[in-house]
Amino acid sequence: MHWQIFLQNVFGGIETGSLYALAALGVVLIYRVSDVTNFAQGEMAMFSTFVTYTIWVYSANAGFPYPYIAAFIGALIFSAIFGFLIERIFIRPTSDSSLLGKMIVTLGLILMVNGSAGAIFGTDSHYMQRAITGHIRFGNMIIRPHSFFVIGLAIVIMLVLFYMIKFTMFGVAIRATAQNDKVAKLMGVPTKKVTAFTWIMATMMGAIAGLMIAPATNVYTGMMADIHLKSFIAAVLGGFTSFVGPVIGGLMIGILDNLVGYYISTNWQTVIVYGFLIIILIFKPYGLFGEIPKKKV
Amino acid sequence: MLKLHDISAFYGNINALSKINLKVKKGEIVSLLGANGAGKSSTLKVISGLLEPREGDVFFRDNKITGMEPEIIVDHGIIHIPEGRQIFPALTVEENLKIGAYRIRKSTDWRDKLDNIFEYFPALSDRRQQKGGTLSGGEQQMLAIARGLMAEPELLMLDEPSLGLAPLIVKDIFKIIKKINSEGVTILLVEQNANMALKVANRAYILETGEIVHSGNAKDLASDEKVKEAYLGSTH
Ligand SMILES: Nc1ncnc2c1ncn2[C@@H]1O[C@H](COP(=O)(O)OP(=O)(O)OP(=O)(O)O)[C@@H](O)[C@H]1O
Ligand SMILES: [Mg+2]
């Protein structure tokens, strides 16, 4: 039946859209706090996913009863350390350079992370298991429990993140640092720690997005190219100055992408999604939820 | 309580401070006066850690705090309210106050301090949920001071709190500064409004192109002919 196929596409769009949203939130979090556009977010997520995949394979071969859980926890731990190191080694030393300089740093990171992933893990493509295997049928609709897991996980992460940013002392410290880091320091906020923390958070969110998308893309060095691009579109569409914007943007892009792919053609998918972004930007130059940026004093 | 010993500071090649010596005793209000570009703000920046001096040392309660990170200096009990009332415009009044309490977050619930703060600044209490950026200039200055007080400072440094405000509000601000001091907070006050500043202060220092040219009792300075001529707009 027609509407069931439509619904299935919308549902699939929400699933990938929530991953775009997670990745986009990571990008926006870093951008707001350290004025860095992290173009390497996708490649860092790919690297984390390779590590996760390796843990999964090894723990399965070693007869560990819950290899997926081991891999999941491994992903969290590795990506936290990875984000911390990237910030410490590449971002902090260059924090006084120009905006363009900072961009070049993260563009350079793309090459470095991608190159090392190829050298360490090889260029083959690997199958990765879903968090929950199998599928359920509703009439003509096929729905995977994994999809519910992905959407549920994304919702939980976002709710925790929003709660933290809105209500906790550390969350106010993050927003204060984003607005004026000098004055935040004068209030006692350890702004370097805040920055490091946002890199850790963002890298973890990217790693989770990578792990969740891996069953659909396989694990290989180019696995994040599409989701990374779409997450940037989502962030721009929703607005870089808001935290809610990228989430809405991610969901919109996910759903639109799926519907266009099914009803029109997969060849036109990216063109139409980009076209949609351009049209929105004509009417809302700072994105749907973005505000005109206020100059830092 | 605070002691600056032979402080010299530079911005690149620009010599902002040369061999500054300055003392603030516990419980005092000390004013730091001088024309534009004299080095008043730079002195505060050196104390709060925003500007690392090239020479000399800063001591606070017998601890050497020279060159420490600003957030560590805050932990020692020094709060610097920078010039230009730099509140966080996109945070609400309450959130601005909350971040002020960052220093004491482990020992005190920031909400418990609000009543006390709103006693000083009743105008803010009706605007708790308003974004800082939407407040009037006077209210923003009040918020900047209130935010500093939330940290329970031992030494409060204010950089030109009266700048650009209407005379009535300026009077209010000076009253509040006196009240804060009477409750035990030591104050280092940077001002161009020398008349007012000498009235509230116990002692004062006068800076000229990075050097201290006069210092002493506020009353004596206020009646000193040379000071009068240069800073108090006197026509003698
Ligand atoms: N960020 C900076 N970069 C370069 N030079 C600076 C900087 N800040 C201050 N200066 C210079 O240092 C000197 C002292 O400046 P400072 O801001 O301390 O003066 P001030 O007494 O606070 O003046 P005002 O009353 O105008 O605020 C001035 O010559 C100024 O031009
Ligand atoms: Mg100044």
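Every residue in the stretch A:232-287 that is surrounded by fewer than 16 Cβ atoms within 10 Å (Cβ to Cβ) and not hydrophobic (A, V, I, L, M, F, W, C), please.
A:TYR263, A:SER265, A:THR266, A:ASN267, A:TYR274, A:GLY275, A:LYS284, A:PRO285
Return the pairs, sorted by first residue and then second, in which the second residue is open to solvent by 10 Å² or more (accessible area, probe 1.4 Å) and outside any helix (DSSP H, G or I), the first residue lies in the stretch A:183-203 and is at the interface with chain B (Cβ under 7 Å from one of its Cβ atoms) and under 18 Å from B:ARG85 (Cα atoms), the beta carbons are less than 7 Å apart, and the residues are 6+ apart or on different chains.
That search, which allows pairs on different chains as well, returns A:VAL183/B:PRO82; A:VAL183/B:GLN86; A:LEU186/B:PRO82.
Give me the residue from the stretch A:159-182 that is open to solvent by less than 20 Å² (accessible area, probe 1.4 Å) and touching a residue at least 60 places away in the same chain (Cβ under 8 Å) and, out of that set, farthest from A:GLY206 (Cα to Cα).
To start, the set of residues in the stretch A:159-182 that are open to solvent by less than 20 Å² (accessible area, probe 1.4 Å) comprises A:161, A:165, A:171-174, A:176-178, A:180.
So of that shortlist, the ones also touching a residue at least 60 places away in the same chain (Cβ under 8 Å) come out as A:161, A:165, A:174, A:177-178, A:180.
Details: A:LEU161: 14, A:ILE165: 18, A:ILE174: 19, A:THR177: 22, A:ALA178: 21, A:ASN180: 26 Å.
Among residues in the stretch A:159-182 that are open to solvent by less than 20 Å² (accessible area, probe 1.4 Å) and touching a residue at least 60 places away in the same chain (Cβ under 8 Å), the one farthest from A:GLY206 (Cα to Cα) is A:ASN180.
Matching residues to (1) in a helix (DSSP H, G or I); (2) at pLDDT 95 or above; (3) open to solvent by less than 50 Å² (accessible area, probe 1.4 Å):
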| site | (1), (2), (3) |
| --- | --- |
| A:PRO65 | no, no, no |
| A:ILE81 | yes, yes, no |
| A:PHE84 | yes, yes, no |
| A:THR106 | yes, yes, yes |
| A:LEU109 | yes, yes, yes |
| A:GLY115 | yes, yes, yes |
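Taking the criterion of being more than 19 Å from B:ALA146 (Cα to Cα) and not assigned by TED's automatic domain parsing to the domain that holds B:PHE174, would at least one residue in the stretch B:48-69 satisfy it? Lay out the reasoning, then the answer.
Keep residues of the stretch B:48-69 that are more than 19 Å from B:ALA146 (Cα to Cα), which gives B:49-69.
Add one more test, that the residue is not assigned by TED's automatic domain parsing to the domain that holds B:PHE174, and what stays is none.
No: the stretch B:48-69 contains no residue that is more than 19 Å from B:ALA146 (Cα to Cα) and not assigned by TED's automatic domain parsing to the domain that holds B:PHE174.
Kindly establish whether A:ILE142 is touching a Gly at 6+ places or on another chain (Cβ under 8 Å) and either open to solvent by less than 70 Å² (accessible area, probe 1.4 Å) or hydrophobic (A, V, I, L, M, F, W, C) (or both).
Taking the combined requirement at face value, the residue does not satisfy it.
Quick one: which of B:ASN181, B:ASN217, B:ASN202 is within 13 Å of the chain's Cα centre (by Cα) and either surrounded by fewer than 21 Cβ atoms within 10 Å (Cβ to Cβ) or within 14 Å of another protein chain (Cβ to nearest Cβ) (or both)?
Details: B:ASN217 fails: within 13 Å of the chain's Cα centre (by Cα); B:ASN202 fails: within 13 Å of the chain's Cα centre (by Cα).
The match here is B:ASN181.
May I ask you to list the residues in the stretch B:61-90 that are closer than 13 Å to A:ASN180 by Cα and more than 16 Å from ligand 2 (Cβ to nearest atom)?
The answer is B:ILE87, B:PHE88, B:PRO89, B:ALA90.
In the stretch A:220-233, is there at least one residue being of a type in the set (A, V, I, L, M, F, W, C), outside any helix (DSSP H, G or I), more than 14 Å from chain B (Cβ to nearest Cβ) and more than 30 Å from B:SER48 (Cβ to Cβ)?
yes
For the stretch B:111-164, which positions are surrounded by fewer than 21 Cβ atoms within 10 Å (Cβ to Cβ), in a loop (DSSP other than H, G, I, E, B) and among the hydrophobic types (A, V, I, L, M, F, W, C)?
Passing the criteria: B:PHE121, B:LEU163.
Of all the residues that make up the stretch B:1-54, how many are more than 14 Å from every other protein chain (Cβ to nearest Cβ), more than 9 Å from ligand 1 (Cβ to nearest atom) and of a type in the set (Ser, Thr, Tyr)?
Looking only at that region, the number is 3.
Given the structure, is B:ILE73 of a type in the set (A, V, I, L, M), open to solvent by less than 60 Å² (accessible area, probe 1.4 Å), out of contact with any Cys (no Cβ under 8 Å at 6 or more places or on another chain) and facing another protein chain (nearest Cβ under 7 Å)? Working first, answer last.
Working: of a type in the set (A, V, I, L, M): yes; open to solvent by less than 60 Å² (accessible area, probe 1.4 Å): yes; out of contact with any Cys (no Cβ under 8 Å at 6 or more places or on another chain): yes; facing another protein chain (nearest Cβ under 7 Å): no.
It is false that B:ILE73 is of a type in the set (A, V, I, L, M), open to solvent by less than 60 Å² (accessible area, probe 1.4 Å), out of contact with any Cys (no Cβ under 8 Å at 6 or more places or on another chain) and facing another protein chain (nearest Cβ under 7 Å).
Pairs, please: C-beta under 6 Å, at least 6 apart or cross-chain, first residue assigned by TED's automatic domain parsing to the domain that holds B:SER42 and in the stretch B:202-226, second acidic (Asp, Glu) and open to solvent by less than 70 Å² (accessible area, probe 1.4 Å)?
Listed by first residue and then by second, the contacts come to B:ASN202/B:GLU28.
Yes/no matrix, rows are residues, columns are (1) of a type in the set (Gly, Ala, Ser); (2) surrounded by 21 or more Cβ atoms within 10 Å (Cβ to Cβ); (3) at pLDDT below 95:
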| position | (1), (2), (3) |
| --- | --- |
| A:LEU186 | no, yes, no |
| A:THR198 | no, yes, no |
| A:THR203 | no, yes, no |
| A:ALA209 | yes, yes, no |
| A:ALA216 | yes, no, yes |
| A:VAL219 | no, yes, no |
| A:ILE227 | no, yes, yes |
| A:LYS230 | no, yes, yes |
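Please state which one of B:GLU94, B:GLU119 is more than 14 Å from chain A (Cβ to nearest Cβ), under 24 Å from B:SER162 (Cα atoms) and among the acidic types (Asp, Glu). Step through it out loud before you land on a result.
Numbers: B:GLU94 fails: more than 14 Å from chain A (Cβ to nearest Cβ).
Of B:GLU94, B:GLU119, the one residue that is more than 14 Å from chain A (Cβ to nearest Cβ), under 24 Å from B:SER162 (Cα atoms) and among the acidic types (Asp, Glu) is B:GLU119.
Is it true that some residue in the stretch A:94-104 is charged (D, E, K, R) and open to solvent by 60 Å² or more (accessible area, probe 1.4 Å)?
From the stretch A:94-104, those charged (D, E, K, R) are A:96, A:102; that's our starting set.
Next, only the ones that are open to solvent by 60 Å² or more (accessible area, probe 1.4 Å) stay: A:96.
Within the stretch A:94-104, one or more residues are charged (D, E, K, R) and open to solvent by 60 Å² or more (accessible area, probe 1.4 Å).
Show the residue pairs meeting these rules: Cβ distance below 6 Å; 6+ apart or different chains; first residue within the stretch B:123-142 and closer than 15 Å to B:ALA166 by Cα; second residue open to solvent by 60 Å² or more (accessible area, probe 1.4 Å).
Sorted first by the residue in the stretch B:123-142, then by its partner, the list stays empty.
Scan the stretch A:234-249 residue by residue and report those that are in a helix (DSSP H, G or I) and of a type in the set (Gly, Ala, Ser).
Let us first name the residues in the stretch A:234-249 that are in a helix (DSSP H, G or I), namely A:234-238, A:244-249.
Listed by number, the residues that qualify are A:ALA234, A:ALA235, A:GLY238, A:GLY245, A:GLY249.
So for the stretch B:104-111 (the condition being modelled with pLDDT of 95 or more, more than 16 Å from ligand 1 (Cβ to nearest atom), among the β-branched types (Val, Ile, Thr) and within 16 Å of the chain's Cα centre (by Cα)), does at least one residue qualify?
No, the stretch B:104-111 contains no residue that is modelled with pLDDT of 95 or more, more than 16 Å from ligand 1 (Cβ to nearest atom), among the β-branched types (Val, Ile, Thr) and within 16 Å of the chain's Cα centre (by Cα).
Can you say whether B:LEU44 is open to solvent by less than 10 Å² (accessible area, probe 1.4 Å) and either within 14 Å of ligand 2 (Cβ to nearest atom) or not charged (D, E, K, R) (or both), as far as the supplied structure shows?
Values: open to solvent by less than 10 Å² (accessible area, probe 1.4 Å): yes; either within 14 Å of ligand 2 (Cβ to nearest atom) or not charged (D, E, K, R) (or both): yes.
The answer is yes for B:LEU44.
The values are calculated or read from the model by the stated rules, or taken from the named source; none is laboratory data. Computed from a predicted structure; not experimentally measured. In this analysis, Cβ positions are derived from the backbone assuming ideal geometry, glycine residues included, and neighbour counts consider all displayed protein chains. Each accessible area value is taken on the protein alone, full model and side chains, heavy atoms only, with ligands, DNA and RNA left out. Shrake-Rupley method; radii C 1.70, N 1.55, O 1.52, S 1.80 Å.
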